[in-house]
Amino acid sequence: MPSTTLSATLPTRADRKIYMVWIAMVWAAILGGFGLDFPRYLHETPPPPILLHVHAAVYVAWLALVSVQILLVETGSVRLHMRLGWTTAIVSAAMVPLGLAAALVDQARNVCHPDYAPQFLGLEFEELFAFSTFVIAGLLMRRRPAEHKRLMILSAVAISDAGFARIWLHAIRVAPPGPFGWWLQYFWGITLILISMLAWDWFKHRRVMRSVFWGAVVLWGGEVIATTLNFSPSWKASMAALVKAWGYAG
């Protein structure tokens, strides 16, 4: 269980470099995974709807904002970091409905495709829930720098699974069968980052920050739920009904 010591007592200066490492791991997942998948994406027939392009652009803009925030703290520009924080919050709020709409449009356009899998929406809902939770908690904890920064890192980690999954699909290609194999394919990268965050806190500060502890609970708990739902026939049927009711395919 994490220590109850206030986060503000921790030597946050000692953590600055590791924040850059963690956000770089997220960037590596996004650039590596989507870079490998980009040729296929460009040659899809019919081409992806404009909403998916907008979703991707807003996501990259948000990740760039968070990365700039980390660099501003590293260079001592704390006031600019704070002013830019509200811009990041606004973009974060826009990402949730945009991500939900993009997920439904992506499923709706694949209804007649052999690989149509409406049950995959469980993963989309899980990551949007985790993302929203971490962003809101990060805003509430902004006066506790160590917790605030970890929560913002966790919000980026929460929506990095698509990049890690694409790396697995293109580089490794084979996963163990069943629920564990599905979980491994989509969540292996998030697990590595969570382990690194837990290990850093324990070995550097001799305690696990509450944000990281509860972040791991939210992410790993959500992953178990998403994996279970992915293999549930009743969930698949209900998501197919939702996609049908949505109808809009871009």
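The values are calculated or read from the model by the stated rules, or taken from the named source; none is laboratory data. Source: prediction; values computed, not measured. Cβ atoms come from the backbone with ideal geometry, glycine included; neighbour counts cover every protein chain shown. Ligands, DNA and RNA are excluded from the accessible area calculation, which covers all protein heavy atoms including side chains. Shrake-Rupley method; radii C 1.70, N 1.55, O 1.52, S 1.80 Å.
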Margin query: Taking the criterion of being without any contact (Cβ under 8 Å) to a residue 60 or more places away in the chain, over 26 Å from residue 61 (Cβ atoms), open to solvent by less than 30 Å² (accessible area, probe 1.4 Å) and in a helix (DSSP H, G or I), would at least one residue in segment 118-125 satisfy it?
Written below: no
Notebook entry, point to check: Which of the following residues is assigned to a helix (DSSP H, G or I), touching a residue at least 60 places away in the same chain (Cβ under 8 Å), hydroxyl-bearing (Ser, Thr, Tyr) and out of contact with any His (no Cβ under 9 Å at 6 or more places or on another chain): 132, 92, 67?
Noted result: 92
Margin query: So if I check each of 224, 212, 157, which one is open to solvent by 40 Å² or more (accessible area, probe 1.4 Å) and either aromatic (Phe, Trp, Tyr) or modelled with pLDDT of 95 or more (or both)?
Written below: 224
Next item on the list: Find the residue count for segment 135-147, including only residues that are assigned to a helix (DSSP H, G or I) and open to solvent by less than 60 Å² (accessible area, probe 1.4 Å).
Entry: 7
Next item on the list: Give the number of residues within segment 75-86 that are part of a helix (DSSP H, G or I) and surrounded by 14 or more Cβ atoms within 10 Å (Cβ to Cβ).
Entry: 4
Margin query: Given the options 171, 245, 162, name the one that is small (Gly, Ala, Ser), closer than 27 Å to residue 64 by Cβ and surrounded by fewer than 17 Cβ atoms within 10 Å (Cβ to Cβ).
Written below: 171
Next item on the list: Please enumerate the residues belonging to segment 32-60 that are surrounded by 13 or more Cβ atoms within 10 Å (Cβ to Cβ) and hydrophobic (A, V, I, L, M, F, W, C).
Entry: 34, 36, 51, 52, 54, 56, 58, 60
Next item on the list: Within segment 95-117, track down each residue that is without any contact (Cβ under 8 Å) to a residue 60 or more places away in the chain and open to solvent by 60 Å² or more (accessible area, probe 1.4 Å).
Entry: 97, 100, 112, 113, 114, 115
Note to self: Suppose we filter segment 187-213 for residues that are small (Gly, Ala, Ser) and either closer than 20 Å to residue 27 by Cα or outside any helix (DSSP H, G or I) (or both); how many remain?
What the structure shows: 2
